[in-house]
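Heads up, the thing below is written out as structure tokens.
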Amino acid sequence: GLSRPRHPSATRIRRSHGRRVCAMSAIVDTALLPPTGVARLVDIGSGEMGFYGYSSDTATGRVSAVGVSDGKLKYEKGCTFADQFIFRESGLDLMCTEVRRRYGISAAGEGREPEPLVLCLTGANRQILRDDATGRERLEDFLRALNDRLRSCGVACSAYFPSGEDEALFELCATEFVLRHGDLGLGDEQTAGFAGTLSAGSGSCQLTLRAGPTGGPSVHSIPIGNRTPVVSMKLGTEHALFCPGTPSTRRKACDLLCDGEGAAETRPAWQEDGGQVDPGSLRLWRELAAECIREHGLPTQLLGMFVGISAVYHAAVEAGCDGKLLPRDEFLSNLQRRCDELLACDQHNGRAISNLTLIAAIVESVLSEESVIVCKRAWNIGRAEDKSEALLATWTLGLYLKQSGAACAA
């Protein structure tokens, strides 16, 4: 089953016969979604937040994305969600404005049963706002003030911290759903060969297998992401890149990111945007990824069809091969071609080069030569005679499918 964050002060908010039962804390260990109507979830990541709304037809089981305008909100450069919204005085006003505008809600909701809005905090937010006592207290204060402001709109906010494993399993659920009901045009035989998902972010990468060693789904991860070589990090033996248990990874990371032994923090290997990427540093980055995969025990040379999501999808978009079911080596050739094109420019896109190199190392290691991969984000759902609606295969969709039962109904 799905694990829950184990924090003694976290409490649960649930529904009992249609009535909302509230504990004192607005930080919950299970995301609260309404039994009917629109479910609103805000995916608050390390570098951006996405606003999502879902509903389903109980008669047909059809799931729709509803009630959201605009795309993701990227934080200011160098800022986390906590920096821009929790610790900054103007953050509360900005959050209220974004929630009202993106979900199209107004003050007309006062006096009625409040509808839940779940703030789902992932990535670095777990350490900053869940594990740190001061950060958690500031989050509680922020939620109280936010709920005071949004009460007239008929909205009640809670905060939910999914574990990294839960996030990956929700992504797997969403991907299985869109593969089964979406517009990729795969036959039953190819769909049955679905083996799992590959995802990547700014600080970690995940492989989620549909059937792991024990028969059920399994999640595997490595502690590097596409921003690892372009940002500085505070050092310590507790950092997974530098722990004594993975000595080869530690050596490669030191060679790429540190100015000698005993450094207090890493330095960027190259600029995130602009400047030049040194070929030797890029080679070290690929070698670091390979060692990290090996020492952290990521399964390798797997057979089947894989779906690339999050930064794996963005690498495919960069290389112009998204939405296509491709053999592993053809996919890798597209990534290498685009990386070479970027390196030939006067000013290098350091983040894109980092991401393309990382994803290529993971795909080459994890997938066998006979495997295929497709990277797709927006899927059209519905029968040919219906008006198709795009669903994004995100972990928030998987959370909705699991809680609402829509995945089973469909």
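The values are calculated or read from the model by the stated rules, or taken from the named source; none is laboratory data. Note that the structure is predicted; figures quoted are calculated from it, not measured. All Cβ positions, glycine included, derive from the backbone under ideal geometry; neighbour counts span all protein chains shown. The accessibility values were calculated without ligands, DNA or RNA, using every heavy atom of the protein model including side chains. Shrake-Rupley method; radii C 1.70, N 1.55, O 1.52, S 1.80 Å.
Test A289 against the criterion of being touching a Leu at 6+ places or on another chain (Cβ under 7 Å), surrounded by 18 or more Cβ atoms within 10 Å (Cβ to Cβ) and not in a loop (DSSP other than H, G, I, E, B), and give yes or no.
Details: touching a Leu at 6+ places or on another chain (Cβ under 7 Å): yes; surrounded by 18 or more Cβ atoms within 10 Å (Cβ to Cβ): yes; not in a loop (DSSP other than H, G, I, E, B): yes.
The answer is yes for A289.
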Next item on the list: Look through region 98-116, keep the residues that are part of a helix (DSSP H, G or I) and surrounded by 12 or more Cβ atoms within 10 Å (Cβ to Cβ), and return whichever of them is modelled with the lowest pLDDT.
Entry: G109
Check: Somewhere in region 117-124, is a residue in contact with a Leu (Cβ under 6 Å, 6 or more places away or on another chain) and farther than 24 Å from M233 by Cα?
Finding: yes
Next item on the list: Confirm whether L186 is open to solvent by 20 Å² or more (accessible area, probe 1.4 Å) and under 16 Å from F81 (Cα atoms).
Entry: no
Item checked: From the options L143, L150, residue that is modelled with pLDDT of 90 or more, out of contact with any Ser or Thr (no Cβ under 9 Å at 6 or more places or on another chain) and either open to solvent by less than 30 Å² (accessible area, probe 1.4 Å) or assigned to a helix (DSSP H, G or I) (or both) -> L150
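Is it fair to say R227 is within 23 Å of A360 (Cα to Cα), surrounded by 14 or more Cβ atoms within 10 Å (Cβ to Cβ), modelled with pLDDT of 90 or more and under 23 Å from the mean Cα position of the chain (by Cα)?
yes
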Item checked: Residue count, region 334-360 (criterion: assigned to a helix (DSSP H, G or I) and open to solvent by 70 Å² or more (accessible area, probe 1.4 Å)) -> 5
Next item on the list: Output the qualifying pairs, or none if there are none: Cβ atoms under 8 angstrom, residues six or more apart or on different chains, first residue in region 78-104 and free of Cβ contacts under 8 Å to residues at least 40 places away in the same chain, second residue surrounded by 14 or more Cβ atoms within 10 Å (Cβ to Cβ) and assigned to a loop (DSSP other than H, G, I, E, B).
Entry: D83/Y75; Q84/Y75; G104/G67
Item checked: C254 vs. criteria surrounded by 12 or more Cβ atoms within 10 Å (Cβ to Cβ), free of Cβ contacts under 8 Å to residues at least 24 places away in the same chain and within 26 Å of H348 (Cα to Cα) -> yes
Note to self: Out of V363, V374, I need the residue that is buried (at least 19 other Cβ atoms within 10 Å of the Cβ) and part of a helix (DSSP H, G or I). Which one?
What the structure shows: V363
Margin query: Being open to solvent by less than 20 Å² (accessible area, probe 1.4 Å) and assigned to a helix (DSSP H, G or I) is the requirement here; does L172 meet it?
Written below: yes
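Right, L119: open to solvent by less than 50 Å² (accessible area, probe 1.4 Å) and in contact with a Lys or Arg (Cβ under 7 Å, 6 or more places away or on another chain) or not? Break it down into steps so the answer makes sense when it comes.
Working: open to solvent by less than 50 Å² (accessible area, probe 1.4 Å): yes; in contact with a Lys or Arg (Cβ under 7 Å, 6 or more places away or on another chain): no.
Against the criterion (open to solvent by less than 50 Å² (accessible area, probe 1.4 Å) and in contact with a Lys or Arg (Cβ under 7 Å, 6 or more places away or on another chain)), L119 does not qualify.
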Check: Regarding F51, is this residue open to solvent by less than 40 Å² (accessible area, probe 1.4 Å), outside any strand (DSSP E or B) and either modelled with pLDDT of 90 or more or under 30 Å from E137 (Cβ atoms) (or both)?
Finding: no
Notebook entry, point to check: Applying the selection to region 292-333, what residues are in contact with a Ser or Thr (Cβ under 6 Å, 6 or more places away or on another chain), open to solvent by less than 40 Å² (accessible area, probe 1.4 Å) and over 25 Å from L184 (Cα atoms)?
Noted result: C292, I293
Notebook entry, point to check: In region 378-410, how many residues are assigned to a helix (DSSP H, G or I) and either on the phi > 0 side of the Ramachandran plot or modelled with pLDDT of 80 or more (or both)?
Noted result: 10
Check: Counting only residues that are among the small types (G, A, S), modelled with pLDDT of 75 or more and open to solvent by less than 40 Å² (accessible area, probe 1.4 Å), how many does region 18-45 have?
Finding: 4
Check: What's the number of the condition A192 fails, among (1) aliphatic (A, V, I, L, M); (2) touching a residue at least 24 places away in the same chain (Cβ under 8 Å); (3) under 30 Å from F306 (Cα atoms)?
Finding: (2)
Item checked: Neighbours by Cβ (under 6 Å, 6+ apart or cross-chain): first from region 326-353, at pLDDT 95 or above; second small (G, A, S) and assigned to a loop (DSSP other than H, G, I, E, B) -> R328/S371
Margin query: Quick check on region 253-260. Is at least one of its residues in contact with a Gly (Cβ under 9 Å, 6 or more places away or on another chain) and either basic (K, R) or at pLDDT below 95 (or both)?
Written below: yes
